[in-house]
1. Quick check on my filter: what residues within segment 1-20 are of a type outside the set (S, T, N, Q), without any contact (Cβ under 8 Å) to a residue 12 or more places away in the chain, open to solvent by 70 Å² or more (accessible area, probe 1.4 Å) and part of a loop (DSSP other than H, G, I, E, B)?
2. Would you be able to tell me the number of residues in segment 21-64 that are on the phi > 0 side of the Ramachandran plot and open to solvent by less than 70 Å² (accessible area, probe 1.4 Å)?
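The values are calculated or read from the model by the stated rules, or taken from the named source; none is laboratory data. Keep in mind it's a predicted model, so treat the numbers as computed, not measured. Glycine gets a Cβ as well: all are built from the backbone with ideal geometry, and neighbour counts include every protein chain shown. For accessibility, only protein heavy atoms count, side chains too; no ligands or nucleic acids. Shrake-Rupley method; radii C 1.70, N 1.55, O 1.52, S 1.80 Å.
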Amino acid sequence: MAKCHRTGKSVYPMDNPVKINDMVFSKAGFTCACGCKMSLTLNNYIVKDGDVYFKNHAPKDVPSSDAGLDLNTAHMMNSQAVSSGAHVKGSGYTGAEASGYSAIPEHITKAKENGSGFSGVRAV
């Protein structure tokens, strides 16, 4: 004779019990484990830590700070490591190479040489 995982009462095969993994629930005992007493269905439950919860009530996994750093610092360090790894520094990289955006267009160069009338300082 199986016992209901939630209520501990005997569950008979004629009661059409709900069986999930090794857990058996009576119709009345198939409720959320968070304590809200919400009735569950086969469409809205989730198994977490050996119990069943309504899918929006399951406890969240919280990252730990085992490294001795606060979580924001650890996240920032990881972000920087990932983003700096995106720069290509192959065997031929010396740092003197220019990007495709560093070339000054010809019309700007001519305007600088001829004097465009703009000094770069704004009078207020």
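1. Taking segment 1-20 and keeping what is of a type outside the set (S, T, N, Q), we get 1-6, 8-9, 11-15, 17-20.
Those left that are additionally without any contact (Cβ under 8 Å) to a residue 12 or more places away in the chain: 1, 8, 12-14, 19.
Those still in the list that are open to solvent by 70 Å² or more (accessible area, probe 1.4 Å) too: 1, 12-14, 19.
Residues satisfying the conditions are M1, Y12.
2. Pass one, segment 21-64, residues on the phi > 0 side of the Ramachandran plot: 21, 35, 37, 49-50.
Those still in the list that are open to solvent by less than 70 Å² (accessible area, probe 1.4 Å) too: 35, 50.
Adding up the residues that qualify gives 2.
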